[in-house]
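**Q** Can you keep this structure in mind? I'll have questions shortly.
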Amino acid sequence: MEEIAIGASGLKASRIGLGTWAMGGWMWGGADEAESIATVRAAVERGITLIDTAPAYGFGRSEEIVGKALAVAGMRDKVLIATKVGLDWKDGKVFRNSSPARIRKEVEDSLRRLQTDVIDIYQVHWPDLETPFAETAQVMEDLRREGKVRAIGVSNYSPAQMEQFREVARLDCVQPPYNLFEREIEADVAPYAERAGLTVLSYGAICRGLLSGRMNLKTKFDGDDLRKVDPKFQGRRYPQYLAAVHALDVLARERFGKSVLALAVRWVLDRGPTIALWGARSQGQLDPTGEIDGWRIDEATMREIDAILASAISDPVSPAFMAPPERRPPDVNLAAA
Ligand SMILES: NC(=O)c1ccc[n+]([C@@H]2O[C@H](COP(=O)([O-])OP(=O)(O)OC[C@H]3O[C@@H](n4cnc5c(N)ncnc54)[C@H](OP(=O)(O)O)[C@@H]3O)[C@@H](O)[C@H]2O)c1
């Protein structure tokens, strides 16, 4: 599997990272622990050496599952664990908090749940506007110097916010949403990352399953599954996105003999110094990992893809619905990712 350096940290990871949000169950209609554990192991067996998780994913569940899967199989030293910090929760509602006190508490909780003594990549999950960026950056840098974390990242930050952060701490990577349907970072975060030498860990590589090719107008989502409120899966927009998936699938099969899912992951990898974070919660979902390496999307096909997107989706929408609220007594049951 292709590899990439994580900023200036000296660490290297596979360019496909396993996303484990759904394994926490929360906002994905529940999860099966045994299958989740088997999926983590299957990912490592397939050559994936980066596993992305977060405390907020099931309020500790996702981290616990990752920790247990790696410990029991003796696989901890084969992978980089990327987790996050800076979200708090009360009564099942999540809000931002990157204060030094919160970070100091969370790092110990994460190390315990992950059954490890070092976090390879520690990422501030969302910018917290009520804590000065310099304070957040300082405690992250302190953790690196203390040996509790090896590389530092931020997620959902703007270039201006990263600039403030980097005055105090060495930043190695950034984690924004990025996939064929969510390309907002091309205007600012991606060029900034390239200039600053940051590796981009692109989340939602298959747009919450929309680019898997499995979805149709009859697909049902259970329980608290976020796709019940994701605007791409609603009303007039859903058929537009499905039409784009269909046209991309035809293109992928005719031109490359690949599925639309493989095209979507390859597309992320061919856009720059990126890692595609691919969420999976069953072993079979990782079967297409073998389809990603050994080919590239040429420039002419990139332009054809753009034309398909422009003609099929007349009413695009960003993933902004996932942003959790700022720190204050939470009164909205809002999403966070
Ligand atoms: N930093 C942040 O704010 C943030 C936000 C979002 C995500 N992330 C990270 O990025 C990771 C990836 O994003 P994501 O999980 O939200 O979305 P994603 O990778 O775009 O989609 C994941 C979902 O796609 C479906 N899927 C996966 N493989 C499939 C296959 N082979 N065939 C059919 N369906 C398949 C599964 O849903 P079903 O099982 O329901 O079919 C899976 O849960 C997350 O797990 C998390 O680690 C970070």
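**Q** Which of Y178, Y241, Y203 ends up with the largest GNM mean-square fluctuation for the chain, with Cα atoms connected below 10 Å?
**A** Y241
**Q** Could you go through the range 101-106 in sequence order and give the Karplus-derived ³J(HN,Hα) for each residue, using 6.51 cos²θ - 1.76 cosθ + 1.60 with θ = phi - 60°, rounded to whole Hz, and x for Gly and Pro?
**A** 5, 5, 5, 4, 6, 5
**Q** If each residue of separation counts as 0.36 nm, what is the full-extension length gain between H246 and E163 once their alpha-carbon separation is subtracted?
**A** Working: separation 83, 0.36 × 83 = 29.88 nm, distance 3.99 nm.
Gain on extension, H246 to E163, equals 25.9 nm.
**Q** Given a 10 angstrom Cα cut-off, can you work out which residue in A193, A252, A73 is the most mobile in a GNM of the chain?
**A** The residue that fluctuates most here is A73.
**Q** Further question on the same structure: Calculate, for K93 and R46, the FRET efficiency according to 1/(1 + (r/R0)^6) with r their C-beta to C-beta distance and R0 30 Å; round to the nearest 0.05.
**A** Approximately 0.25, to the nearest 0.05.
**Q** When the Karplus curve 6.51 cos²θ - 1.76 cosθ + 1.60 is applied with θ = phi - 60°, which whole-Hz ³J(HN,Hα) does each residue of the range 164-177 get, with x for Gly and Pro?
**A** Once θ is set to phi - 60°, the couplings for the range 164-177 become 4, 4, 6, 5, 10, 10, 7, 9, 10, 7, 9, 10, x, x Hz.
**Q** Then there is this: In the chain, what is the count of Lys pairs whose alpha carbons are under 22 Å apart, counting only pairs at least 8 residues apart or on separate chains?
**A** Qualifying lysine pairs in the chain: 19.
**Q** Right, something else. According to the Kirkwood expression over distinct Cα-Cα pairs, how big is the hydrodynamic radius of the chain, in Å?
**A** 20.0
**Q** Nearest 5 percent is fine: what portion of the DSSP beta bridges confined to the range 1-105 is antiparallel?
**A** On the way: 7 of 12 bridges.
In the range 1-105, approximately 60 percent of DSSP beta bridges are antiparallel ones.
**Q** Let me ask you something else. Starting from 0.36 nm per residue, how many nanometres of slack lie between S314 and K105 once their C-alpha separation is accounted for?
**A** Values: separation 209, 0.36 × 209 = 75.24 nm, distance 4.56 nm.
Extending this stretch completely gives an extra 70.7 nm.
Any read-out appearing in this document is the output of simple, stated calculations on the displayed coordinates, not a laboratory observation. Source: prediction; values computed, not measured. Cβ atoms come from the backbone with ideal geometry, glycine included; neighbour counts cover every protein chain shown.
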